[in-house]
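Asks: Structure incoming, see below.
The values are calculated or read from the model by the stated rules, or taken from the named source; none is laboratory data. Remember, it's a predicted structure, so these values are computed and weren't measured experimentally. No Cβ is skipped: glycine too gets one built from the backbone with ideal geometry, and neighbour counts run over all protein chains shown. In case anyone asks, the SASA skips ligands and DNA or RNA and just uses the protein heavy atoms, side chains included. Shrake-Rupley method; radii C 1.70, N 1.55, O 1.52, S 1.80 Å.
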Amino acid sequence: MYGKQKIYFADQDQFDMVSDADLQVLDGKIVALTAKVQSLQQSCRYMEAELKELSSALTTPEMQKEIQELKKECAGYRERLKNIKAATNHVTPEEKEQVYRERQKYCKEWRKRKRMATELSDAILEGYPKSKKQFFEEVGIETDEDYNVTLPDP
């Protein structure tokens with residue numbers, strides 16, 4: 001009794017004793033879960049704002065027009081795919097492999113010849129009084145770099 005009021009307390013003997021360490025672990029979990037809830041709420045608000053922006057940007061007639069355009073584009077792609085599948089001039093795996101082998105051979109030869117030309121020009125430039133650029137201009141040598149050409153990867 002507290003004056004005219006009655007105060008009731010739960011019987012504490014029926015509960016287990018909890019240590020301070022356990023309480024701190026639980027507090028840590030509460031903080032982590034609260035942070036997770038806040039981040040999820042923030043991402044929900046962000047998504048809702050984007051949805052409002054998208055829905056306000058396009059009206060229903062505009063959406064229907066966009067859908068029709070996409071359907072026409074899709075039909076065009078289907079027709080193109082049908083024509084490609086119907087073509088009889090497919091490349092066989094053997095032909096494809098032959099082309100890749102030839103490409104590797106030519107790229108290897110290109111590298112080899114470029115290296116030889118670079119070594120020759122460097123040997124000449126050792127005793128040449130002018131710059132490399134001036135030498136190439138006088139002789140009329142055009143390099144891959146002049147035309148922004150790079151060797152393909154093997």
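Asks: What's the number of the only condition in (1) at pLDDT below 80; (2) assigned to a helix (DSSP H, G or I) that residue 90 fails to meet?
Replies: Status for residue 90: all satisfied but (2).
Asks: Which numbered condition trips up residue 144, out of (1) more than 32 Å from the chain's Cα centre (by Cα); (2) open to solvent by less than 70 Å² (accessible area, probe 1.4 Å)?
Replies: Single failed check for residue 144: (1).
Asks: Related question: Is there a residue in segment 138-149 that is modelled with pLDDT of 85 or more, in a helix (DSSP H, G or I) and in contact with a Phe, Trp or Tyr (Cβ under 9 Å, 6 or more places away or on another chain)?
Replies: Scanning segment 138-149, I find at least one residue that is modelled with pLDDT of 85 or more, in a helix (DSSP H, G or I) and in contact with a Phe, Trp or Tyr (Cβ under 9 Å, 6 or more places away or on another chain), so the answer is yes.
Asks: Enumerate the pairs (first residue in segment 143-154 and more than 18 Å from residue 105 (Cβ to Cβ); second residue anywhere and open to solvent by 100 Å² or more (accessible area, probe 1.4 Å) and assigned to a loop (DSSP other than H, G, I, E, B)) with beta-carbon separation below 9 Å, excluding pairs fewer than 6 apart on the same chain, so at least 6 apart or on different chains.
Replies: Final answer for the pair search is 144/150.
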